[in-house]
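Working notes, structure below.
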Amino acid sequence: LTKDCNNDDPMVRGLALRSLCSLRLPEMVEYVSEPLRRALDDSHAYVRKTAVMGILKLYHLDEDILERNGFVDRLYDMLRDPDASVVVNCILVLNELMARGPDGGMAINRAI
């Protein structure tokens, strides 16, 4: 699956990443984080959208993964993505990730 995350076809990359993130094994977190980081910068919106949802799946396995990899800041940066489906998924994921925080959800400010 990690090899397929580098495939030329964006559908294959997205499906491989989705399958990789769906493996609910805590041992897989370190193997998934690098393909996930690369997918966040992918040229195809489907792959980026899948990567955003993959962050949420990883969070449920290891909550510290967000801080170690800077995924929260990256999600806030992706709110400016040109594709609406990527932005919507970023909002959903950020809101769920931040729901346990002191603000009770995603931080909204003038910069966003």
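The values are calculated or read from the model by the stated rules, or taken from the named source; none is laboratory data. Computed from a prediction, not measured in an experiment: that's the story for all the values here. Positions of Cβ are backbone-derived with ideal geometry, glycine not excepted, and every protein chain shown enters the neighbour counts. What goes into the accessible areas is simple: the full protein's heavy atoms, side chains included, and nothing from ligands, DNA or RNA. Shrake-Rupley method; radii C 1.70, N 1.55, O 1.52, S 1.80 Å.
Table for the structure above
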| read-out | value |
| --- | --- |
| Sparse-neighbourhood loop sites, GluC sites (Glu not before Pro) in region 18-104 - DSSP loop, at most 11 other Cβ within 10 angstrom | 63 |
| Cα Rg, Dmax, the chain, angstrom units | 13.5, 42 |
| Computed accessible area, residue 11, all protein chains, 1.4 angstrom probe, square angstrom | 90 Å² |
